[in-house]
Amino acid sequence: MPRVSGADRGEREPGSLSGRLVLGWLRAASRTLRRDLLPAPEPLPAGAQEGWLAWRPALVVPLLLGAIVFMVGGAEEYAHGFHLGIAVGTVLSGVQAGALVVGLYRPLPAWWAVSAVTVVAALWAGPRLDEGALYPWSGVGVALTSGVLLLVALTCRPRVAVETLVISFGTGLMCAVLTGGFHKSSSVGVASASFAIAVVLGAALRGRRVARTQLVAQEVLTGEERARRTLLEERSRIARELHDVVAHHMSVISIQAQVAPHLVDNPSDELKENLAGIRQNAVEALTELRRVLGVLRSEEPVGDSGVGSPGNLAAGSGQHAPQPSLDRIGELVANVRGAGMTVATDITGVVRPLSPGVELSAFRIVQEALSNAMRHAPGAAVRVLVAYHRAGLVIRVTNTAPDRPVAPSPGAGHGLLGMRERTAMLGGELAVGATPDGGYEVSATLPLTSPA
């Protein structure tokens with residue numbers, strides 16, 4: 001067997017490699033074209049029904065009437081200009097005209113139809129053309145192909161629209177070359193300009209519709225994220241306040257466990273050991289709570305837990321001020337009156353101490369309701385009702401209609417959201433809404449848990 005020298009291999013490999021590269025490129029291009037131009041029918045994506053696509057049923061009748069006119073004109077051109085006969089001309093023009101209507105819902109099959117008619121008519125006519133006939137596309141063929149390309153560009157990706165444009169133009173040129181060169185009444189210039197304008201216009205309109213759909217979707221996501229962030233911020237603020245309450249109770253437990261042995265004569269070793277364990281656990285829990293509080297307060301604005309000033313009811317005296325309770329309602333109302341509002345207070349039932357969580361939540365609900373009244377009902381009269389019942393505490397804050405125009409709010413606040421969270425946390429009920437006289441009412445019912 002003859003041996004192949006290194007020089008021979010070096011001479012053969014470049015040609016073989018280049019051939020494989022070209023063949024691979026052709027195969028990849030063929031797969032891409034098959035995937036793009038022979039797609040399975042798919043439902044339109046969400047948002048695609050907007051814009052002109054929503055009007056497709058209304059466009060069927062006008063396009064059908066126009067297709068009839070184009071079919072008559074195309075039959076005349078194919079029968080006399082291309083000398084194909086009236087029967088053949090009518091069939092070919094009918095397929096092209098019908099493709100324009102089908103293109104509303106199936107643009108790619110419609111494009112294949114008009115392209116096939118163009119090739120058949122151009123190759124069949126050949127040298128029998130009249131001197132004044134447009135070739136390789138007839139006048140009606142240019143118009144109908146442009147219309148179908150417009151529909152393709154409106155409904156398909158830009159790459160598919162460009163592929164159909166190139167193939168449409170290439171098949172026309174191929175037909176002209178195969179039939180002996182360009183006709184003196186060539187329609188290549190008119191067709192290339194018309195096809196390009198149709199594709200560019202359709203792609204621009206589709207891009208505008210897609211951008212609008214994406215913008216709407218982004219606005220929805222942004223609104224959802226904003227609402228979620230607002231909810232988390234409010235829950236974090238409530239958690240900070242309740243951690244303060246829990247830390248206070250843990251401190252009391254630690255002190256009581258330390259003092260308890262001194263209140264008993266000759267306490268047993270077991271009692272001392274148990275009380276020492278209780279105190280140790282309370283101290284450790286208190287240490288962990290302080291660490292958690294340090295994290296929660298790291299982003300807390302100064303003055304988030306006090307009673308508030310007339311201009312901003314959420315502001316307080318400092319980060320580490322004690323959490324407010326219902327006995328500070330008078331101070332809160334005084335601040336609101338100092339801001340120029342008329343506030344009446346009514347406390348009914350037997351006033352008694354409540355659990356710190358209920359006290360804090362009730363105070364915050366009144367605070368947020370008064371803040372909303374100041375912001376959204378300037379000049380209105382406000383009435384605050386705190387009713388102690390056996391089963392629950394009722395908080396009701398009602399304001400009349402504002403006596404002057406309300407300034408637009410700079411953004412969505414946390415007031416109503418915070419009230420709902422606090423009420424739900426305690427297992428209570430909250431009702432808010434407008435009153436018949438144009439005012440607003442906030443009503444909350446909180447279950448009562450008396451401290452032990």
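Table for the structure above
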read-out: Hits in segment 85-119 - residues which are open to solvent by 20 Å² or more (accessible area, probe 1.4 Å) and not in a helix (DSSP H, G or I); value: Gly85, Tyr105, Arg106
read-out: Contacts under 9 angstrom Cβ, first residue in segment 72-96 being on the phi > 0 side of the Ramachandran plot and touching a residue at least 12 places away in the same chain (Cβ under 8 Å), partner open to solvent by 10 Å² or more (accessible area, probe 1.4 Å) and in a helix (DSSP H, G or I), 6 or more apart; value: His83/Arg128
read-out: Single unsatisfied condition, His80 versus (1) modelled with pLDDT under 90; (2) open to solvent by 50 Å² or more (accessible area, probe 1.4 Å); (3) within 46 Å of the chain's Cα centre (by Cα); (4) more than 24 Å from Arg208 (Cβ to Cβ); value: (3)
read-out: Selected residue [at positive phi and in contact with a Ser or Thr (Cβ under 8 Å, 6 or more places away or on another chain)] from Gly126, Gly139; value: Gly126
read-out: Sole residue being surrounded by 21 or more Cβ atoms within 10 Å (Cβ to Cβ) and under 24 Å from Ile238 (Cβ atoms), chosen from Met425, Met419; value: Met419
read-out: Breaking point among (1) at pLDDT below 65; (2) within 29 Å of the chain's Cα centre (by Cα); (3) of a type in the set (Gly, Ala, Ser), for Ser5; value: (2)
read-out: Residue within segment 131-143 that is modelled with pLDDT of 90 or more, among the β-branched types (Val, Ile, Thr) and more than 20 Å from Ser194 (Cβ to Cβ) present; value: no
read-out: Of all residues making up segment 166-208, the number that are part of a loop (DSSP other than H, G, I, E, B) and surrounded by fewer than 14 Cβ atoms within 10 Å (Cβ to Cβ); value: 4
read-out: Counted residues, segment 370-381 - those being in a helix (DSSP H, G or I) and open to solvent by 10 Å² or more (accessible area, probe 1.4 Å); value: 5
read-out: Yes/no for Leu313 being at pLDDT 80 or above and either open to solvent by 50 Å² or more (accessible area, probe 1.4 Å) or within 17 Å of Ala369 (Cβ to Cβ) (or both); value: no
read-out: Residue list for segment 277-299, restricted to those being open to solvent by 90 Å² or more (accessible area, probe 1.4 Å) and either basic (Lys, Arg) or at pLDDT below 75 (or both); value: Glu288, Arg290, Arg291, Val295, Glu299
read-out: The listed residue being open to solvent by less than 40 Å² (accessible area, probe 1.4 Å) and assigned to a strand (DSSP E or B), out of Val366, Val397, Val336, Val358; value: Val397
read-out: Residue match in segment 15-24 (condition: in a helix (DSSP H, G or I), at pLDDT 70 or above, more than 20 Å from Leu150 (Cα to Cα) and of a type in the set (Lys, Arg)); value: yes
read-out: Qualifying positions in segment 120-138 - part of a helix (DSSP H, G or I) and either surrounded by fewer than 18 Cβ atoms within 10 Å (Cβ to Cβ) or hydroxyl-bearing (Ser, Thr, Tyr) (or both); value: Val120, Leu123, Trp124, Gly126, Pro127, Arg128
read-out: Qualifying residue in segment 150-165 (condition: open to solvent by less than 70 Å² (accessible area, probe 1.4 Å), at pLDDT 90 or above and not hydrophobic (A, V, I, L, M, F, W, C)); value: yes
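The values are calculated or read from the model by the stated rules, or taken from the named source; none is laboratory data. Quantities reported herein were computed from a predicted structural model and do not represent experimental measurements. Ideal geometry is used to build each Cβ from the backbone, glycine not excepted, and the neighbour counts take in all protein chains shown. Keep in mind that these areas ignore ligands, DNA and RNA; they rest on the heavy atoms of the full protein, side chains included. Shrake-Rupley method; radii C 1.70, N 1.55, O 1.52, S 1.80 Å.
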